[in-house]
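Just so it is clear, none of the values below were taken in a lab; they were calculated from the coordinates. As the structure is a computational prediction, the values presented were derived from the model and not from experiment. Here Cβ is always computed from backbone atoms with ideal geometry, including for glycine, and neighbour counts include all displayed protein chains.
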Amino acid sequence: MDTMLWPFGTTWRPVRQKKRDTVDLRWLSARSWTQRWYPQGIDLGVWHGRRTLAVSWFRQDRAGQHLASRVAFVDLERSRHLDILLAVDDGDGELVPARIHAGGLAWFDDRLFVAATGRGIWEFDLSKIRRVRGPLARRLAGARSRGWRATALVAVRTRVHPVDLRCSYLGRVFDDDGTPLRRVLIGEYRTDESGRIGEFSIPDEPDARFVEHDRISPGIRSMQGAVRWGDRYFVSQSDRLRPGILCRGGRAALERDPVSLPVGCEDLALDLDAELLWSLGEHPWRRVVRGIPFARLQLTR
């Protein structure tokens, strides 16, 4: 297969895309089974003029400590992906890994918002991607082995947005007619039914804060992601090694949908252009990024 180069000569890597009842993307590398990196968040945007899917990952050690995070940008037309590491300036001009769970994404132009469980929402600037080499590239990837590639692309955190929620995941909000709003849903993963979901407008001014407009408590355990389209909410619920559960409906009447989500489901993203609801599974050997057609969900624009 031909390769596609991006600035700095970085090579995009292939993914396998199959279309039948769903659109399934699978990783053609060790990331399909590795227990070092886990996929979590998902959203869509435009990357250098092309429709692109963003998937966040976190890296952990054997003790479960977070070491690093990254975002894979998937060119949906050409079935290729490119990794961007997430980093933080330590205040002395040195870059260190963004050691967060990266449980959800919201992508607005060059602003990428990432859920940092228990630590608010972190914002990264996609307009100033850096190239790093050698030991720094390995360190930002949380890797100690010299076998890790010698160069990497990096997005640096610009702001931390404090939010009075656990910030386990992050999803987009659309108006009735499908117009994307500058709002997000921020929710809490809880193993009981106490998890909450808040709706916030994102700040445009440098010193402004997220402004909360609404908050609901759906009474759903193990919530992993949420999006809103008009008065319809969509919430993903994980169920261990069983297929994930999709709950949908009005804010006070979320019900289980007969259509299942991937095993080990995580975040959700609405793709109104392609009429797909995207989710993904995190478990090794079962990892898939899945787009469910609106027709299967009996959704119409």
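Here is how the numbers come out for the structure above:
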| quantity | calculated |
| --- | --- |
| Distance (nanometres) between label positions extended 7 Å along Cα→Cβ at VAL96 and ARG286 | 3.6 |
| Full-extension gain in nm, THR151 to ALA295, via 0.36 nm per residue minus C-alpha separation | 47.6 nm |
| Hypothetical label at ASP214: residues of the range 105-123 whose amide nitrogen lies under 20 Å (7 Å Cα-Cβ projection) | 105-107 |
| Cβ-Cβ FRET estimate between ASP164 and ARG242, R0 fixed at 35 Å, reported to 0.05 | 0.60 |
| Summed residue charge, Cβ within 14 Å of VAL173's Cβ, Lys/Arg positive, Asp/Glu negative | -1 |
| Extension gain, ARG62 back to ASP89 (0.36 nm per residue minus Cα-Cα distance, nm) | 7.1 nm |
| Beta bridges per DSSP with both ends in the chain, % antiparallel, nearest 5 | 95 |
| Cα gyration tensor category, rounded, prolate or oblate, for the range 13-55 with a/c compared to 1.5 | oblate |
| About the Cα centre, charge dipole magnitude for the chain (Lys/Arg +1, Asp/Glu -1 at Cβ), debye | 1560 |
| Distance (nanometres) between label positions extended 7 Å along Cα→Cβ at LYS128 and SER29 | 2.7 |
| Pairwise FRET efficiency - LYS19 versus HIS48, Cβ, R0 = 22 Å, nearest 0.05 | 0.35 |
| Under the Karplus curve 6.51 cos²θ - 1.76 cosθ + 1.60, θ = phi - 60°, whole-Hz ³J(HN,Hα) for the range 104-115, x wherever Gly or Pro sits | x, 10, 9, 10, 10, 6, 8, 9, 10, 9, 10, 6 |
| Structure-derived Rg and Dmax of the Cα atoms in Å: which label, when the choices are (1) 19.8, 60; (2) 20.9, 64; (3) 18.1, 53 | (3) |
| Selection from GLY41, ALA72, PRO14, by position along the positive dipole direction of the chain (Cβ) | PRO14 |
| Separation in nanometres of the label points that stand 7 Å from Cα toward Cβ, at ASP273 and SER201 | 2.6 |
| Computed E for GLU193/ASP231 - FRET, C-beta separation, R0 22 angstrom, nearest 0.05 | 0.45 |
